[in-house]
Amino acid sequence: MGPHKAEEKQETIRDQEQQRFETASGISIEELYDGNSISELDYERDLNAAGEYPFTRGPYAGMYRRRIWTRRFQVGFGSPKESNARIKYLHENGANGFVITIDLPTSYGFDSDDAVAAGEVGVTGVAISTLEDMEDMYAGFGPDSVSYALSIRPPVSSVTLAMLACVAEKKGVPLSAVIGTQQNDPFYQMSGGPLQTITQFFPIEGTLRLCIDNIEFISRHMPRLNWMVTNGYNLRETGVNAIEDGAFTLAHAFDIYRMAKKRGLDINVFPKRASFFLSCSIDFFEEIAKLRAMRRLYARTMREHLGADDEQCCRMRFSVQTAGNTLTAQQVHVNIARTTVEALAAVFGGAQSIHLCSYDEGHGLPTEESSRIALRTQQVLAYETGVTKTVDPLAGSYYVEHLTNTLEQAISEQITEIDAVGGMARAIQDGWLEEKINAARYRNQRDIDSGRKSLLGVNCYTIPREEEAPVKVHKIKADEWGEKRSEYLRRYRAERDQQKWHDALSQLESAWKENQNMVPPIMNALKNKVTMGEIHEAMRKAQHWSFR
C-alpha cells in the first residue's frame, strides 16, 4: 500500500472516530444551532458593547481597531546580557513585549553560585541574582517603553519587583510610568505537584504575605504596572480542560482578592491593574467561548460578590500563550498550524497580548529562526487577515453564544465546589487541586493512547523517523554559564561595602518581624549589593523566627 493509500485509510478510521460530537471538555455539540439555542440571551445583560459591563465582547471599546494586541515573546537563557541581546533582535523585528523566563535556581530564590544551582544556571531561563543583572536586562530600553512580563512568583517576585523599581529610579523613570507585568501568583510553580514543591524553600504563609505586599506596593506606587494574579497557563499545561482551567484560575484570583481586602486594600482600586496569563488550546470555538465566558463571569462576581463599584475593577484583562502541551516533537512544522489556530482563537477571544509558541519548543529553547516565524505568524493575523477590522466578529453566532453560556455556567458551578472546600488556597493545601490535576493527566494520556484524541504525528498520520525534518536546537551551555556566573558573583561580593551590606540585611529582617511591606526594604538591600539568594534566606529566617 502506497503512502497516499495508507493516509486515506487512516483518514477513514479517523473520520469514524470523530463521530464523537463534543468539545474537548466534553460539552455535547448539536448538529445545528438556531435562535432557540440562545433564546435566554439578553443583549444588554449578557453582551453589551466592548468596553462596557459585563465586558463579554472585550475589555476596551474599539479593541484591535484602536490598538493591536501586544506581540509577546518568551525570552530567557544564560546570562542577562545574552537574553538582552535576544530581546534586541526580536525588538528590531517587530516584537513589542517579552515574557522573561527565569532559570530554575532563580525561581526558587537561589543565586547562580549556590550548590543547588549546579547544572541548572541559565538552562530553563535567564539567571538573575543581583540588581546589576536586572539593569543588564534593560540595557538599551527603559521600563517605561518596553513591556517585560517577569515569569516568577512570590517570594522571588518581591525581589524582582524591587529590582524593577530600582532600575526605574536609576534611569530617571518615575515609578508611575513603569509598564509591563509582574507575575504574582503564589502557587503557579506547583501546578499539579504536591504542596512541598512550593514550601520546601519558603513557608506558604510568607509566600501569601509577599503576594499581598506586591499588590499593595504596585497599586500605590506603580499604577501602570500590571500584576498577574493568576498564572492560568501553567495550570492548563497540566492537562486540565477548559472548564477546569476557567474555574481554577478565577477561583484562585477571587481568593487572593479576599486576602487583599482583609489586609485593608480597596476593592475599587487594586484590581484595576490585575491581569491574567491564560492558555489557548486547540479546540477553536471552545477556547473562544471560554475566554468570553471568563470575562463575563469575572465581571459579575466582582460586582455582585466582592463589592466592586468601579467598572474598571470588573474588567478582566489577560495575556494568552498558545498551548505548549499541544506541540509535538514529531513533524515539528505541523506545530506552526497548531499555534496559528490557537493564536486566532485568542484574537477572537479578545486577548490583550499574545505569545505564540515557536514550532521547535518540543526540542528545546526557540532559535532565532523559529522565534521570527512565530512573530511573523502574529503579524499575518494582525495585518493581513482582516480579523481586526471589527470588534468581536463572532458575537451573535448561535453556536458561540450558546457555548459561551454553557461554559460560564459550568465554570461557575466548579467555582462553587472550590468555595465549598474553603477556597483555592485551602484546596491546594489540602491536596484537592493535585487530585483534580492528576485525574486530568490520566484522562489525557488514556485518550491519546486509545486514539480517542487525535494527535497528528503521534497516534495518527505518523511518518518514519528518517523522514523527520532536521531541527536546529538552541545550544545549552550550562557548565560555561555556571562558571561565568560564579566568578561574577565572587567579584560582586568582594567589591561591596560589607558594613552597608550587613546593615541592609539587618533592616530587612527587622522589617519582616515588624510586619512592614517588604518591597522598600528589599530595594534598600539591593542598592547595598545584597543578592537575590541572600534576601530570600534573610526573609526565610525572619519568618521562622516569627513563628517561634
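What follows is calculated from the coordinates using simple rules that are stated; it is not laboratory data. Please read these numbers as outputs of a predicted model, since none were measured by experiment. Note: ideal-geometry Cβ built from the backbone for every residue, glycine included; neighbour counts use all protein chains shown.
Odds and ends about this structure:
- Sequence-distant residues sharing a close amide H with W227 (under 5 Å, placed H): Q182, A274, S275
- Phi-derived couplings, Karplus 6.51 cos²θ - 1.76 cosθ + 1.60 at θ = phi - 60°, listed residue by residue for the range 392-405: 6, x, 8, 4, x, 4, 3, 5, 5, 5, 5, 5, 4, 4 Hz, with x used for Gly and Pro.
- Mean-position separation - Cα centroids, the range 294-329 and the range 405-434, in angstrom: 15 Å
- Neighbourhood net charge (10 Å Cβ-Cβ; Lys/Arg +1, Asp/Glu -1) for S370: -2
- Sum of -39500 (n - 2.57) over DSSP H runs of 4+, divided by residues of the chain (222 nm, nearest 500): -15500 deg cm²/dmol
- FRET efficiency estimate (nearest 0.05) - Cβ-Cβ, V421 to K261, R0 22 angstrom: 0.60
- Fraction of antiparallel bridges per DSSP, the chain only, in percent to nearest 5: 5 percent
- Remark on H355: its backbone amide H falls under 5 Å from those of R72, V320, Q321, T322, a criterion applied only to residues 5 or more positions apart or on other chains, H modelled at 1.01 Å from N.
- The HN-Hα couplings worked out from phi for the range 524-532 by the Karplus form 6.51 cos²θ - 1.76 cosθ + 1.60 (θ = phi - 60°) are 4, 5, 4, 5, 9, 6, 6, 8, 3 Hz, whole numbers, x standing for Gly and Pro.
- Fewest-first ordering of R236, R57, R493 by other beta carbons within 10 Å of each residue's beta carbon gives R493, R57, R236.
- Average Cα contact separation per residue, the chain, under 8 Å, 6 or more apart, as relative contact order %: 19 percent
- Across the range 154-160, computed HN-Hα scalar couplings (Karplus, 6.51 cos²θ - 1.76 cosθ + 1.60, θ = phi - 60°) run x, x, 5, 5, 5, 6, 5 Hz from first to last residue, x flagging Gly and Pro.
- Rounded to the nearest 10 degrees, the inclination of helix 334-348 to the longest alpha-carbon principal axis of the chain is 90 degrees.
- Gyration tensor (alpha-carbon) shape descriptor, the range 64-467, a/c threshold 1.5: rounded
- Amide hydrogen proximity for G97: with H placed 1.01 Å from N in the peptide plane, the residues at 5 or more positions away or on another chain lying under 5 Å are R71, F73.
- Bridgeable lysines around K472 (alpha carbons under 20 Å apart, same-chain partners fewer than 8 residues away excluded) are absent.
- Cross-link pairs exceeding 19 Å between alpha carbons, from the set K500/K527; K261/K541; K81/K484; K81/K500: K261/K541; K81/K500.
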